[in-house]
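Colleague: Before anything else, here's the structure in question.
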Amino acid sequence: MTTVPTPIPSRTQVVLDAIKHGILTGRLTPGQALVETELAAQFGVSKTPVREALKTLAGTGLVVMSQYKGVTVRMVDADMAREVYDVRLLLEPEALRRAVRRGACLDAARDALTRADAATDTAERSLANREFHRALYLPCGNPLLGRMLDGVRDQAALVSAVAWAADPSWEREAAEHREILRLALDGDSEGAASALHAHIASFLQRAFPADTEGAEVARPHPQEGQR
């Protein structure tokens with residue numbers, strides 16, 4: 001049998017992955033300038049792949065491109081965090097509910113939990129955390145819903161990275177992950193969706209407490225109160 005060789009990542013992809021890794025591990029901090037010439041020298045490439053990588057990262061919301069300030073790592077504040085997490089609260093529990101109802105395979109979520117437990121640094125843990133959540137919503141049966149949630153993955157990871165730097169709370173979140181997965185594997189779609197909503201909302205509240213009267217996040221689906 002002929003083995004198909006693994007494609008070698010393009011220079012742009014290598015640069016993109018390295019910058020993203022730096023942002024999500026906190027090595028590149030919010031507000032830090034990303035200078036094309038410096039990055040090109042660092043990675044031993046021309047400015048073209050760096051420029052393309054930065055454009056891609058701007059599209060995912062990890063960096064901001066300004067005519068006057070150049071490219072900087074996106075700042076994370078309460079408003080930004082609530083915007084991103086509001087989308088997750090509105091869509092992610094419903095996606096999980098649908099995945100459980102259709103009997104989707106959740107082996108990938110179980111594997112991601114194992115990798116998170118074995119992680120030796122924040123980068124590995126962050127990646128496993130992202131893959132866990134994606135493995136819950138992706139098999140919802142609605143590809144558009146999955147793509148919409150994919151669209152905020154990197155920004156959600158940036159919020160988590162900033163929050164974890166201030167208050168490492170991943171042990172608590174890992175326990176919540178295990179409970180969400182247990183409910184899902186038991187076929188309890190409403191319980192799993194409710195637990196996921198509470199998990200996302202409580203993280204946001206701990207990391208960015210509401211400081212104005214009347215501040216709100218998305219409320220659970222009426223059925224999410226039913227266990």
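Colleague: On average, how much accessible surface per residue is there in segment 78-207, in Å², for a 1.4 Å probe, leaving out ligands, DNA and RNA?
Modeller: Ligands and nucleic acids excluded, the result is 43 Å² per residue.
Colleague: What is the chain's relative contact order, in percent, from Cα pairs under 8 angstrom and six or more apart in sequence?
Modeller: 23 percent
Colleague: Quick one: what does P(r) look like for the chain with 5 Å bins over all Cα pairs, in whole %?
Modeller: Pair shares across the bins are 1, 7, 13, 16, 18, 16, 12, 9, 5, 2, 1, 0, 0, 0.
Colleague: Another question, if that's okay. State whether segment 11-73 is rounded, prolate or oblate according to the following rule on the C-alpha gyration tensor (a ≥ b ≥ c being the square roots of its eigenvalues): a/c under 1.5 gives rounded; otherwise a/b larger than b/c gives prolate, and the remaining case gives oblate.
Modeller: It is rounded, given that a/c, with a ≥ b ≥ c, falls under 1.5.
Colleague: Scan around V71 for amide H atoms under 5 Å from its own, H built in the peptide plane at 1.01 Å from N, and keep only partners 5 or more places away or cross-chain.
Modeller: It is L34, S66, by chain and number.
Colleague: Counting only protein heavy atoms and using a 1.4 Å probe, what share of the accessible area of the chain belongs to carbon plus sulfur, as a whole percent?
Modeller: Of the solvent-accessible surface of the chain, carbon and sulfur hold 53 percent.
Colleague: Along the charge dipole of segment 40-196, which of P139, Q67, A157 sits closest to the positive end, that is, farthest toward it, with unit charges on the beta carbon of Lys, Arg, Asp and Glu (+1, +1, -1, -1)?
Modeller: It is Q67.
Colleague: Can you give the Rg to Rh ratio of segment 78-207, both from alpha-carbon atoms, with Rh computed by the Kirkwood formula?
Modeller: When Rh is taken as the Kirkwood radius, the ratio is 0.93.
Colleague: What is the spin-label model distance, in nm, from A58 to T29 if the labels are put 7 Å beyond Cα along the C-beta direction?
Modeller: 2.5 nm
Colleague: Tell me, what ³J(HN,Hα) does each residue in segment 15-22 have, in order and in whole Hz, if you take phi through Karplus 6.51 cos²θ - 1.76 cosθ + 1.60 with θ = phi - 60° and put x for Gly and Pro?
Modeller: 5, 4, 4, 5, 5, 4, 4, x
Colleague: Quick check for me: using +1 on Lys/Arg Cβ and -1 on Asp/Glu Cβ, what's the dipole size of segment 22-92 about its Cα centre, in debye to the nearest 20?
Modeller: 220 debye
Colleague: Once amide H atoms are built 1.01 Å from N in the peptide plane, which residues 5 or more positions from V63, or in another chain, come under 5 Å H to H?
Modeller: Close amide H contacts, sequence-distant or interchain: A58, R74.
Colleague: Would you compute, from DSSP H runs of 4+ residues alone, the mean residue ellipticity of the chain at 222 nm, taking -39500 (n - 2.57) per run and dividing by the full residue count, rounded to the nearest 500?
Modeller: -21000 deg cm²/dmol
Colleague: Can you check what the net charge comes to around H21, using other residues whose Cβ is under 12 Å from the Cβ of H21 (Lys, Arg +1; Asp, Glu -1)?
Modeller: -2
Colleague: Straight-line reach from K69: which lysines have a Cα under 18 Å away, not including same-chain ones fewer than 8 places off?
Modeller: Cα-Cα hits under 18 Å: K47, K55.
The values are calculated or read from the model by the stated rules, or taken from the named source; none is laboratory data. Because the structure is predicted, anything quoted here is derived from the model rather than measured. Quick reminder, even Gly has a Cβ in these numbers, built from the backbone with ideal geometry, and neighbours come from all protein chains shown. These accessible areas exclude ligands, DNA and RNA; they are computed on the full protein's heavy atoms, side chains included. Shrake-Rupley method; radii C 1.70, N 1.55, O 1.52, S 1.80 Å.
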